[in-house]
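Colleague: Below you will find the structure I want to go over with you.
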Amino acid sequence: MELTSKQRKYLRSKAHHLKPIVLIGKLALNDSILKSIDDSLNHHELIKIKFNDHKSSKETLISKVNSRLSSQTVGMIGNIAILYRQIEEIDKRRYLLD
């Protein structure tokens, strides 16, 4: 499912008050960070990821995360990325997209 600009705007507004859940540091992407991102998306649907290191390659790293975990980038603000992955079960979804 590809997000429309209207859906991205809605999700960015919902993510405004969220704190970053995952921090990308010296290790960049490894299995434990990917598992943490996957678990966070399963639980929250919409998360923020902060880059403490690897700031110059953040777009590439987020692209890898999206391809491996089937998530989508809602937006990037400075060194913080907002990711979304819709939960399969309709009754557990937090964000209803048109």
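The values are calculated or read from the model by the stated rules, or taken from the named source; none is laboratory data. These numbers come from a predicted model, not from an experiment. Methodologically, a virtual Cβ is constructed for each residue, glycine included, from the backbone with ideal geometry; neighbour enumeration extends over all protein chains shown.
Colleague: Can you name every residue in the range 15-27 that is under 24 Å from Leu97 (Cβ atoms) and surrounded by fewer than 16 Cβ atoms within 10 Å (Cβ to Cβ)?
Modeller: Residues of the range 15-27 that are under 24 Å from Leu97 (Cβ atoms), as a first pass: 15-22.
His16, His17, Leu18, Lys19 - these are the residues of the range 15-27 that are under 24 Å from Leu97 (Cβ atoms) and surrounded by fewer than 16 Cβ atoms within 10 Å (Cβ to Cβ).
Colleague: How many of the residues making up the range 67-84 are under 8 Å from the mean Cα position of the chain (by Cα) and at pLDDT below 95?
Modeller: If we filter the range 67-84 for residues that are under 8 Å from the mean Cα position of the chain (by Cα), which is where we start, we get 71-74, 81-84.
Adding the requirement that they be at pLDDT below 95 leaves none.
Adding up the residues that qualify gives 0.
Colleague: Would you mind stating whether Asn30 is surrounded by fewer than 14 Cβ atoms within 10 Å (Cβ to Cβ) and in contact (Cβ under 8 Å) with a residue 40 or more places away in the chain?
Modeller: So Asn30 does not fit the description; no.
Colleague: Cβ contacts < 6 Å: first residue more than 15 Å from Gln7 (Cα to Cα), restricted to the range 75-98; second residue hydrophobic (A, V, I, L, M, F, W, C), any location; separation 6+ or different chain. Result?
Modeller: Listed pairs, sorted by first residue: Asn79/Phe51; Ala81/Ile49; Ala81/Ile62.
Colleague: I would also like to ask the following. Out of Lys26, Lys19, Lys35, Lys14, which single residue is over 10 Å from the mean Cα position of the chain (by Cα), of a type in the set (Lys, Arg) and farther than 24 Å from Tyr95 by Cβ? Show your work before the answer.
Modeller: Numbers: Lys19 fails: farther than 24 Å from Tyr95 by Cβ; Lys35 fails: farther than 24 Å from Tyr95 by Cβ; Lys14 fails: farther than 24 Å from Tyr95 by Cβ.
Of the residues listed, the single one that is over 10 Å from the mean Cα position of the chain (by Cα), of a type in the set (Lys, Arg) and farther than 24 Å from Tyr95 by Cβ is Lys26.
Colleague: Is there a residue in the range 48-66 that is farther than 21 Å from Arg94 by Cβ, in contact with a strand residue (DSSP E or B) (Cβ under 7 Å, 6 or more places away or on another chain), in a helix (DSSP H, G or I) and of a type in the set (Lys, Arg)?
Modeller: yes
Colleague: Mind checking which residues of the range 69-98 are surrounded by 11 or more Cβ atoms within 10 Å (Cβ to Cβ), among the aliphatic types (A, V, I, L, M) and part of a loop (DSSP other than H, G, I, E, B)?
Modeller: Within the range 69-98, Ile87, Leu97 meet the criteria.
Colleague: Of the residues that sit in the range 33-49 and are among the charged types (D, E, K, R) and surrounded by fewer than 16 Cβ atoms within 10 Å (Cβ to Cβ), which one is nearest to Lys64 (Cα to Cα)?
Modeller: Residues of the range 33-49 among the charged types (D, E, K, R): 35, 38-39, 45, 48.
From the residues that got through so far, the ones that are surrounded by fewer than 16 Cβ atoms within 10 Å (Cβ to Cβ) too are 35, 39.
On the way: Lys35: 13, Asp39: 16 Å.
The extreme case among them is Lys35.
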